[in-house]
Structure formats: structure tokens, C-alpha cells
1. Among A:K94/A:K294; B:K136/B:K171; A:K257/B:K79; A:K70/A:K232; A:K79/A:K257, which pairs are too far apart, with a Cα-Cα distance over 18 Å?
2. Alpha carbon centre of the stretch A:95-162 versus the stretch B:123-164: separation in Å?
3. Which whole-Hz couplings ³J(HN,Hα) result when phi for each residue of the stretch A:239-252 is put into the Karplus expression 6.51 cos²θ - 1.76 cosθ + 1.60, θ = phi - 60°, listed in order with x for Gly and Pro?
4. Treating each Cα of chain B as an identical point scatterer and ignoring solvent, apply the Debye formula and state log10 I(q)/I(0) at q = 0.14 Å⁻¹.
5. Using amide H atoms built in the peptide plane, which far-off residues or other-chain residues are under 5 Å from A:A118 H to H?
6. Under a Cβ-only charge scheme (Lys and Arg +1, Asp and Glu -1), can you give me the dipole magnitude of the stretch B:14-174 about the Cα centre, in debye to the nearest 20?
7. Whose amide H sits under 5 Å from the amide H of B:T139, counting only residues 5 or more places off or on another chain, with H placed in the peptide plane?
8. Taking the Cβ of each residue in B:T24, B:T185, B:T122 as the centre, tally the other Cβ atoms inside 10 Å and list the residues starting with the fewest.
Amino acid sequence: MAKSKIEGDKGLNVRMFITGLALVILYVIIISVLISVGVQFGIVIVIAAALIFSQYYFSDKIAMFSMHAKEVTPQQEPKLHQIVDRLCLLADMKKPRVGVAEMDIPNAFATGRSPSHAVICATRGLMNRLSDEELEAVLAHELSHVAHRDVAIMTIASGVGMLAGLVSRIALWSTMLSGGGRGKNGQQLVLLELATFLISIIIYVISFLLTMALSRYRELAADRSGAILIGKPSVLASALVHITGDMGKIPRTDLRKAEGMNAFFFAPALSGKTAASLFSTHPSLEVRLDQLNKLERELNG
Amino acid sequence: MFGRTKQVAPKLDGLFALPSAALTLQTELDLVSSGNAGLCFKAGSGESSITTDDEVMQLLNFDDTTGTVKITTDDLGFKWLVVTDPELDGLVTRIHGANTTMVEHGLGPRLLCAVFGFVPKTPPGDGSVRLVYLLKQGTFYPFAPTGPSQRDNELELRVRSFIGDDLPMEKDLSRWMALWNLPVT
């Protein structure tokens, strides 16, 4: 699925971790149910692989849909297209489709199964908050994700983890059955079943953590290539500061309009924070700024 | 319980902390009162007999020896009571008085916020800042617009860091909503 977005909020990361974990457990439960109703192992593996593949194949549509993003023409968003055109010329790559999500949270993401099916998206909040130069830096980061084929890499990584868990579960299950299931009493069977379930969850979690580590590494790689592409790491650093942490939380929405939406804004509901949090995980702002500072010294010092 | 919003009486006490915070603003950021303040409220919609601007003005019964008071309507259809007075204390007193009177006459639910303008004392300074007071919450936050939909977050956070102890500051940054093109300078 899509993986890039410019965010580094602690709360967000916690929520993403929990969401990811919940997804993993959901997968395990679905697979357990399939197995326990007697579906053959081979078919279960095919179903799991098909799920992962469709997640990859339709990554652009899934990400665009979940972010409420729409593709835009050069007439609708001339500035955004101009910047992408210029960057693609610089990077000598095919221009991806360009999209905009009408939300106030500053964010951007790149998605699509291959560079020729790629879409890069920015939210309205991102464009409102950043200068043209900073916007260019963020888009360069996203284009780097496209060039690095990060959607494919991350899908394969998470798919491999998922399949590893599944295969180990099936292996354990069949050992248990071939070990003379008939000779055991009901209580032992339940315990064995529980143990198998726990072990496969542990394998899923480990692969999930590894996938997150890989994702953080890909983010730093995209920061680096993006910054080198525009030749100004400090501009990307300044963009990151402007859209993460405290500054990213201050809205552009008008109080009077918000007032109309939530009666008397007693519990003002700008729940945007939860919308963007499903996808990947990012290194901390400090780590990213540190890398960009070093790069700035190397390039322009 | 269902679908009915509990009416919250405006919290006005926070307003009186403003003059001392203004001293800090002047010493630390070289910002002084612009002499303008505003009270934003929704136009009448029939639930009260007081609907026209004149009726509201009559109600408020201002003594206009030291400053001026007028009512304007903004692009979004909200009403603004705009007060001009060179003294910040005078602005605070008038805004507080207007609030109290409007609440007494059942207009409390219409009130949205109060805004006080601050400008650099020695131009060209760092840009001007409005301090917005959320009447339902009883909290302040800074708003420093720099264009039709741009605001200077750095300056806003700096203002918070200096006067955060003097004023009941809004802690939830996602409530620091913009007030684009407001009639208070």
C-alpha cells in the first residue's frame, strides 16, 4: 500500500503501531477461521497471496480513496504540476499523475505499483503551509519514493512476513496433527492450538517490526535523494519543521466555518489526525533533520 | 441528552489577564495594542427579538467619549462589534461589558470570540498579531495572518512562549483556528 507521508508525530506512530498490530491479528484470525472450517492449506496460501497482491496492484486506488484524494489536471493546479514537471525533468523520470486531497492536515504521499502507474499527492493543508521552494522539496522526497519503487518493496516485505507467519503456522499445525492427535485428550489439544496461535502471532509481530524498520530506512533514503535532487537539504529540513510537531497542528480552517460545522464548537472535531495514520512509519524528526544537516554541510558547506 | 447541545455560559474572567500579558508582549516582542478590538457573533436568526444592528447598539448603550464602536458584517455573514480605544484597559472593559449585556439579553449562544489587535511598536517589526479569546472555552490563542490564507506559525508559537504563563492559553493547538480577513486590525 502507500507508504509515504511527511509526518513524525509520536501519538501518530503509536496509533499506527496499534492499527498495524490490529491488522496483523485480523489476518491471523481470518486465516485461522479458514483453516478451522476445513479449507485446504494450499487454498489458504493462495487466498492470502491474492489479498497481498491486490493490495499492491490497486495501491494507487486504495491510497487515493482512503485519503479522499482526486487526480488534478495542469489547469486545476498549475503550480503543483509545474513543480512536478520541473523535478521530473531534473530527475529524468516519467511524470507521475498528480493528485490533491482537500484536507487541512499537511501531508503528502506517493503510491502506485510501478513508476509508470505512480501518483503523487499533496493535501491542501500542505500547499497552504509551505513556500513554493519547500513544497518542491517535499515533492522531491515523494518522487524519490516513486523512483525507489518503494511501494513494491514495502509490499513484498510485508507480504513475505505475512507468508512466513502463515507457513510456520501451517507447519506447526500439521506437526501437531501428525503427532497423533487421536491419542491426546481435549485439554491438550486446546493448549496446543493456543500455542500454535501464539507462535504465529509472534512471527507476524517480528516481521511487522522489521517491515517498520525497513520503512524508516526508506524514508531516510527518500529524504536524502530528494534533498540531493534539489540540491538544498536545508529547504527540505525547513519544510519538515513547518509541517510536523506544533506547527503542523495549527489549523488553516476558519473558526467561523468550523463553528457552523460543529454546533458551538464545544468539542471541536477536526479529526483529521486519525485519517492519515494508517500507512507507514517514519523516523523521528530529529533523525531526519540530523541527516539533512549533515547533507547540507557536504553539499553546500 | 440526544441532539441537544448544552449551552455553555461564556467565560469572561480570562479577559482581565490581558493588560498584564500586554506588558510582557511589549517588553519581549515589541508589540503594543493596535487600539482595536472586536467581538464576533452570529447574526440574529429569529430565536431572539433582537435582530438588527441598531437594536444591539441600543442595548449596549455605549458612552462614546473616549472611543468609537460600530457594527460590521464580514464576508462569512458574521457580525463584528468593532471597538476603538487607544487604551487597552478601555478595550477590555468595553468588550467585557458588551459580552455581559448580550448574555443578559439571551444573546449568549450567538457569541463566538473576542479579538484584540497588537502591532509592532517600532515598525517595521515582526508583523502584527491578534489575540483571539474563545468565549466558550475561556482561553486565548495568537493569530498572525500574513496573507489571504497564510499565517505565521513561528510568530504565533513565540507569542505563546512569552505570554503562556500570563494568560489562560488554549493548549490544544488544533483549536487555534484562523479568522481570515477579520475586520479587527
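Laboratory data are not the source of any read-out in this text; all were calculated from the coordinates shown. These numbers come from a predicted model, not from an experiment. Every residue, glycine among them, receives a Cβ derived from its backbone with ideal geometry; neighbour counts consider all protein chains shown.
1. Numbers: A:K94/A:K294 30 Å; B:K136/B:K171 14 Å; A:K257/B:K79 14 Å; A:K70/A:K232 30 Å; A:K79/A:K257 27 Å.
As for pairs spanning more than 18 Å Cα to Cα, those are A:K94/A:K294; A:K70/A:K232; A:K79/A:K257.
2. Spelled out, the Cα-based centre of one part sits 32 Å from the other.
3. 4, 4, 5, 6, 10, 10, x, 4, 5, x, 7, 6, x, 10
4. Summing over Cα pairs of chain B leads to -0.76.
5. A:R97
6. Values: 12 positive and 22 negative charges, 55 e Å.
Once rounded to the nearest 20, the dipole reads 260 debye.
7. Result for B:T139 returns B:L134.
8. Details: B:T24 17, B:T185 14, B:T122 7.
If I rank by nearby Cβ atoms, fewest first, I get B:T122, B:T185, B:T24.
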